[in-house]
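Student: Got a structure for you, written out below as structure tokens; questions coming shortly.
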Amino acid sequence: MSTESQTELHDSQTSPANVIEIRSLRKVYDDVIVAVDDVDLGVREGEFFTILGPSGSGKSTLLQMITGIETPTAGEIRLDGALVNDVKPYNRNTSLVFQEYALFPHMSARENVEYGLMLRGIPDRERHERADAMFELMNLVGKEDRPIQDLSGGERQRVATARSLVVEPDVLLLDEVLGALDEKLAREMQVELKRIQEEVDKTFIFVTHSQEEAFSMSDRIAIMNDGNVEQVGEPFEIYQNPASEFVADFLQMPNVITGDVVATESGVLTVRSDGLDYVVAVDDVDDGSGLDDRVTFLVPNEQVVFSDDHENAFEAVVTDTIFKGPHTEYALELPNGRELRAHETTGESLLEERTDVTVGFDPAAAKLFS
């Protein structure tokens, strides 16, 4: 993990505004399978916090330990400062929205929303009033008495969210809740979930494998890999400065280059990779790498442009043109056989495959990994 990420984790842990603090958390199954490995994390009060990662990265196991469904093998989970490792889920002031929603099919929307309040012995009048407020918040007024099977996927998702919020938890936990929706509806629900979170001013912890969902809704994101947290930060910060090759690869940033330092000057390194020299800007050469060191850097594909007016400029051949509506991605083969990707705003025409071009990028566009 990068020093910057570790510093942010430490700062988030010690912040008095943290509603959840996770310290050295570990989960091992059958004494062999490590699902979560020494995770430190702080979640601030009132933020939309997303745990993002591929399948098997440990994100759902981490969420289940926060809810109390799973018990940690080691480490601590604190909710509002209180240690809750062994506290049962129903005794934690958290609420979970499942991926499958887990709504009762024989109940109406209202009966589903009021169910948790009924279990808590809330009087009928207060129960109805609190449910009515949830239906208004969810834009579901007029559908209170509909059977669950008569609601659309998005409406069911909102009913499930209302059922979890109506009991007034400190933290709402959402486990891949948009995964069952089609693409258009999922995007609409991204907007709705963020609106709801801001209106109720609650802490939301959202688990997903979708980068689009994470980047469109989150105040901060934790990216997980093999049970570890690779990076924590705001979406723009993570995109601008991925902390590791894994993060860059997971965020589909293909232009990762490894080579040897063959020259150092004030503020720049010259890195040779497969016979081509690249100039990479660094803040301070003395703090960076020296001659013959092996280094890896990233060039964001939107920073690769069709121009020879850059210190890094190379002849290339277009090998693939991927039209994405307002944007087009080009696969480019350099003279040494390496592929670069360029992400361009779609113009009046597209470059055809096998077109000869010149591409380049500024030294400052390259991000050197620690």
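The values are calculated or read from the model by the stated rules, or taken from the named source; none is laboratory data. Since the structure is predicted, the reported quantities are computational estimates derived from the model, not experimental observations. Cβ: placed from backbone, ideal geometry, glycine included. Neighbour counts: every protein chain shown.
Student: Answer yes or no as to whether Phe104 is aromatic (Phe, Trp, Tyr), part of a helix (DSSP H, G or I), over 23 Å from Leu62 (Cα atoms) and in contact with a helix residue (DSSP H, G or I) (Cβ under 9 Å, 6 or more places away or on another chain). Spell out how you get there, then give the answer.
Tutor: Details: aromatic (Phe, Trp, Tyr): yes; part of a helix (DSSP H, G or I): no; over 23 Å from Leu62 (Cα atoms): yes; in contact with a helix residue (DSSP H, G or I) (Cβ under 9 Å, 6 or more places away or on another chain): yes.
Criteria not met by Phe104.
Student: Still on this structure: Could you list, in sequence order, the residues of segment 226-277 that are over 31 Å from the mean Cα position of the chain (by Cα) and acidic (Asp, Glu)?
Tutor: Asp260, Glu265, Asp274, Asp277
Student: For segment 347-369, which residues satisfy the criterion of being part of a loop (DSSP other than H, G, I, E, B) and surrounded by 13 or more Cβ atoms within 10 Å (Cβ to Cβ)? Write out each step before concluding.
Tutor: Applying the first criterion (part of a loop (DSSP other than H, G, I, E, B)) to segment 347-369 yields 347-355, 362, 366, 369.
Result: Leu350, Leu351, Thr355, Asp362, Ala366, Phe369.
Student: Assuming Arg78 fulfils every condition listed in (1) free of Cβ contacts under 8 Å to residues at least 24 places away in the same chain; (2) in a strand (DSSP E or B) apart from one, which condition is it?
Tutor: It fails just one condition, (1).
Student: Please go through segment 129-150 and give me each residue that is over 31 Å from the mean Cα position of the chain (by Cα) and without any contact (Cβ under 8 Å) to a residue 24 or more places away in the chain, ordered by number.
Tutor: Glu129, Asp132, Val141, Gly142, Asp150
Student: For segment 273-281, state whether one or more residues are loosely packed, with under 12 Cβ neighbours inside 10 Å, at pLDDT below 95 and among the aliphatic types (A, V, I, L, M).
Tutor: no
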